[in-house]
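For reference, the structure discussed in these notes is given below.
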Amino acid sequence: MIRTLPAAFAILLALGAVQAAAQSTADPARPLLKAQATVTGSVVRVGDLIDNAGIIANVAIFRAPDLGGTGTVPASAVIEAVRAHALVGLDTGGLDEVTVTRASRAIPVADIEHSVARALSTRFNLGAVKDISVNFERDPRVIYVEPDANGEPRVAQINFNPRSGQFDATLEIPTGAGNRGNLRLSGRAAATTDVVVVSRAIERGAVIKDSDLEVERRPRAEIGRDLVADRELAVGLAARKSLRPGQPLRNAELMKPELVQRNEIVTLVFEIPGVRLTVRGKATESGAEGDTISVVNEQSKRTLQGTVIGHGRVVVSSGSSRIAANLQPAPQTVRR
């Protein structure tokens, strides 16, 4: 059985609820110190550091960090700063300090380099922007501007000496609210290209592997001609001379791998239509596949010219009478 409350008691409950609601409306939430704050502009206001700051929220009390910077404010300093503005009952929440960061937009160094390279490309015909190397005399840092600063760095003026590569430039940097500031830079620039270079010391005659090579960008004016255009074209070839690390690789420094070494014992192959004979010989010079070298027939002791066809193999093509003569053993002295 559900019992109903007396009417007088119900009225008292209702009045209590109304009174509690009125008291809650009359007592605003207590001011509360924030642990972190992000500010825009050059000053820190009360409302940036304190929730429920009321009518003094827009009052400036500290100088803001530099653009992109972060600093801290002791809780005691905040209490002292708001005391003069009659803010009482500040709840610090046990915090000792507040971390304050100034909002900003970063302009990276890469954007500055790109702007200079683009100006050199269009005004001095220095080639494609991606192929222009820019080196500043003093390395610029990341530039921080106001968050509402729209636009990219723009070269207002630039001078360039093609012989020395020296340049001087004035850049306009967006700073916010439609304003722009100037930044002066100087350095050197050059048109570059991809170059195949040797990554380790390579001895003469050694066969080049892909791991022996790297691709680097080098100034065009320093590399000269006859360079290997693609590392894949060099893999499998041999070094015609000793190569040092960091050296740009040239076509004239490459050759086919030597399949026959000087003074090596080789197989001499004599060929005529329908006949193929082999004898031992000794190479008097080195040779790669397809090279013509001199070989001494160890039976006849005669020197022949043959073509290298493989590792330790040299083919000699001639008439049957000449082959027969070359195959004859050397004359022997008969003792009586």
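The values are calculated or read from the model by the stated rules, or taken from the named source; none is laboratory data. These figures come from a predicted structure and were not determined experimentally. Cβ: placed from backbone, ideal geometry, glycine included. Neighbour counts: every protein chain shown.
Side notes on the structure shown:
- Restricting segment 48-68 to residues that are within 44 Å of the chain's Cα centre (by Cα) and assigned to a loop (DSSP other than H, G, I, E, B), the residue that is farthest from TYR144 (Cα to Cα) is ALA64.
- Evaluating ILE61 against the criteria (1) of a type in the set (A, V, I, L, M); (2) buried (at least 16 other Cβ atoms within 10 Å of the Cβ); (3) under 30 Å from THR193 (Cβ atoms) leaves one unmet condition, (3).
- Residues located in segment 9-47, provided they are aliphatic (A, V, I, L, M), at pLDDT 95 or above and part of a loop (DSSP other than H, G, I, E, B): ALA35
- Residue check, VAL109 of a type in the set (A, V, I, L, M) and either surrounded by 16 or more Cβ atoms within 10 Å (Cβ to Cβ) or modelled with pLDDT of 95 or more (or both): no
- One residue from VAL116, VAL73 being of a type outside the set (D, E, K, R) and assigned by TED's automatic domain parsing to the domain that holds ARG45: VAL73
- Single unsatisfied condition, VAL316 versus (1) surrounded by fewer than 17 Cβ atoms within 10 Å (Cβ to Cβ); (2) touching a Phe, Trp or Tyr at 6+ places or on another chain (Cβ under 6 Å); (3) not aromatic (Phe, Trp, Tyr): (1)
- If you go through segment 87-112 and keep only what is of a type in the set (A, V, I, L, M, F, W, C), over 30 Å from SER133 (Cα atoms) and without any contact (Cβ under 8 Å) to a residue 12 or more places away in the chain, you end up with just VAL88.
- Of all the criteria given as (1) out of contact with any helix residue (DSSP H, G or I) (no Cβ under 9 Å at 6 or more places or on another chain); (2) touching a residue at least 24 places away in the same chain (Cβ under 8 Å), the one not satisfied by SER211 is (2).
- Residue within segment 161-173 that is touching a residue at least 60 places away in the same chain (Cβ under 8 Å) and over 24 Å from the mean Cα position of the chain (by Cα) present: yes
- Top-ranked residue in segment 69-106 [being part of a helix (DSSP H, G or I) and more than 50 Å from the chain's Cα centre (by Cα); ranked as surrounded by the most Cβ atoms within 10 Å (Cβ to Cβ)]: VAL82
- For segment 164-245, the strands (runs of 3 or more DSSP E) that sit wholly inside it and include 2 or more residues that are in the same structural domain as ASP111 (by TED's automatic domain parsing) and either among the aromatic types (Phe, Trp, Tyr) or surrounded by 18 or more Cβ atoms within 10 Å (Cβ to Cβ) (or both) are 166-176, 179-198.
- The residue pairs whose first member lies in segment 136-153 and is surrounded by 13 or more Cβ atoms within 10 Å (Cβ to Cβ) and at pLDDT below 90, whose second member is among the aliphatic types (A, V, I, L, M) and not in a loop (DSSP other than H, G, I, E, B), and whose beta carbons are closer than 7 Å, counting only pairs six or more residues apart or on different chains, are PRO140/VAL109; PRO140/ILE112; PRO140/LEU185.
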